[in-house]
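*Asks:* I'd like to ask you about the structure that follows.
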Amino acid sequence: MAQASVLTNEDLTVLNATRSIPLLAVLSVKFAACLTKWATRRRTRLDLDKLEKWQLRDVGLTPGAALSETRKVFWKA
């Protein structure tokens, strides 16, 4: 599955500094970056919920910490 790259703050700063880019284009890029971040969080949390206890130990998480993370809504970091 192809994964979209997320623009960094530096990328957005360059876009904002360039006067030739219309405001709507800048806002569209920021919106797309936000949606991409949210989708990644959602997908990661859904996958985290499927891990076994031994897999959680391998990544350094307790089952309680994993449960806490999977219960978060996608817009919260």
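*Asks:* With +1 on each Lys and Arg Cβ and -1 on each Asp and Glu Cβ, how big is the dipole of segment 9-70 about its Cα centre, in debye rounded to the nearest 20?
*Replies:* 160 debye
*Asks:* So for segment 9-70, what percent of the C-alpha to C-alpha distances run longer than 18 Å?
*Replies:* Value for segment 9-70 (Cα pairs over 18 Å): 54 percent.
*Asks:* For every helix of n ≥ 4 consecutive DSSP H residues, a contribution of -39,500 (n - 2.57) applies; sum these over the chain, divide by its total residues, and give [θ] at 222 nm rounded to the nearest 500 deg cm²/dmol.
*Replies:* Calculated from helices alone, the mean residue ellipticity at 222 nm is -20500 deg cm²/dmol.
*Asks:* When F74, F31 are ordered from fewest to most other Cβ atoms inside 10 Å of their Cβ, what list results?
*Replies:* F31, F74
*Asks:* State the extension gain, in nm to one decimal, for the chain segment bounded by S68 and D49, taking 0.36 nm per residue of separation less the distance between their alpha-carbons.
*Replies:* Length difference between fully extended and current span is 5.8 nm.
*Asks:* For the chain, what's the relative contact order in percent, using C-alpha pairs closer than 8 Å and at least 6 residues apart?
*Replies:* Answer for the chain is 28 percent.
*Asks:* Using Cβ contacts closer than 10 Å as the measure, can you line up V73, V14 from fewest to most?
*Replies:* Fewest-to-most ranking of V73, V14: V73, V14.
*Asks:* What is the distance, in nm, between label points placed 7 Å from the Cα along the Cα-to-Cβ direction at A32 and at D58?
*Replies:* Result: 3.5 nm between the two label points.
Coordinate-derived values only; no laboratory data. It should be emphasised that the depicted structure is a prediction, and the values quoted were computed from it without experimental measurement. Don't worry about glycine lacking a Cβ; one is built from the backbone with ideal geometry, like all the others, and counts go over all protein chains shown.
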